[in-house]
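To keep things clear, I will list the structure first and then write my remarks on it.
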Amino acid sequence: MRVIQVKDYQEMSDVAADFLAGQIFHKPHSVLGLATGGTPEGTYKSFIQKARHKELPLSELTTFNLDEYEGLSPEHPNSYHMYMNEHLFQPLELSSTQTYLPKGDAENVEKEARRYEQMIQDHGGIDLQLLGIGENGHIGFNEPGTSFTSRTHVEHLKPTTREANARYFEKKEDVPERAITMGIATIMDSRSIILLASGDRKKQAVKKLVEEVRKEEFPASSLKIHPYVTIIADEAALSAVSTNTWTEPENESLIRWTADKKEWEIG
Ligand code: GLP
């Protein structure tokens, strides 16, 4: 894992948008894995500007989102379909035949999860996966305890996750209890991964991710053995990580603070 430290949310968003733009520039027929939540909103905003400015070729691009709430139709204002339409797909005029999310309102969500997993495989897998991180370490909607061998599946959301996401819903009780999410193994199959973290709220999760061992109780730690993971985190999100030290969270990885480069090197 490599960690790029940035000043704030805006810089995180700009750096992440550069990664996305670079990926598409070098491979216009890329398959991108996309995330939702407050964290990537700025990235999408910045990416839209860059894509327009640099006239990035987007017609061959395919996107797969990480997850969707059970029971919410694509038209539901709190669905991740709606979020993606508003924040990325409509502004860039990406068509529905190149942008995929699990269907939360499918009659049989287990079957839908298997179909979605197969569709990702049929497209040759994900080139670049964008991730946020939950305060409890979840990625996508893979909650603590999810098997590292999991594929796209239906997940029960933890009360803390429902609470954290309640800010987008009218009432706390409206947050669905389950969601369809790519599994940990699905995410780990991505050729490269960017994980974004911003703000004080994420500092304990980032500390655990960087400093602790790989365990299923902390889903994001699965990433520690992936060969191409970049964490882009701002000063607040990195503020709990011990600096200027070499630590050995696992035999296979070392962390070194390189203050001049504003970058952590791990491994
Ligand atoms: C949700 C999403 C995750 C996201 C997380 C953090 O649970 N399923 O993909 O990373 O929230 O959200 P935020 O970026 O709003 O803190």
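Structure summary
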read-out: Per-residue [θ]222 nm for the chain (sum of -39500 (n - 2.57) over DSSP H runs n ≥ 4, rounded to 500); value: -8000 deg cm²/dmol
read-out: Cα Rg, Dmax (largest Cα-Cα span) when computed across the chain, Å; value: 17.5, 54
read-out: ³J(HN,Hα), Karplus 6.51/-1.76/1.60, whole Hz, each residue of the range 24-38, x for Gly, Pro; value: 6, 4, 7, 9, x, 8, 5, 10, 9, x, 10, 10, 10, x, x
read-out: The chain, relative contact order in percent, only Cα pairs under 8 angstrom and at least six apart counted; value: 25 percent
read-out: Of A197, A51, A179, the one that fluctuates the most in a GNM where the chain has Cα springs shorter than 10 Å; value: A51
read-out: Approximate spin-label separation A166-S147, in nm, with each point projected 7 Å along Cα-to-Cβ; value: 3.3 nm
read-out: Set K158/K203; K7/K202; K111/K224; K203/K224; K27/K54 screened for pairs whose C-alpha atoms are more than 23 Å apart; value: K111/K224
read-out: Rounded to 5, the percent of DSSP beta bridges in the chain classed as antiparallel; value: 45 percent
read-out: Most mobile listed residue (S13, S96, S192) in the chain, GNM with C-alpha springs under 10 Å; value: S96
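Rule-based calculations on the coordinates, nothing more; no lab input. If you're wondering where the values come from, they're calculated on a predicted model, not measured in any experiment. Reconstructed Cβ throughout: ideal geometry from the backbone, glycine too, with neighbour counts over all protein chains shown.
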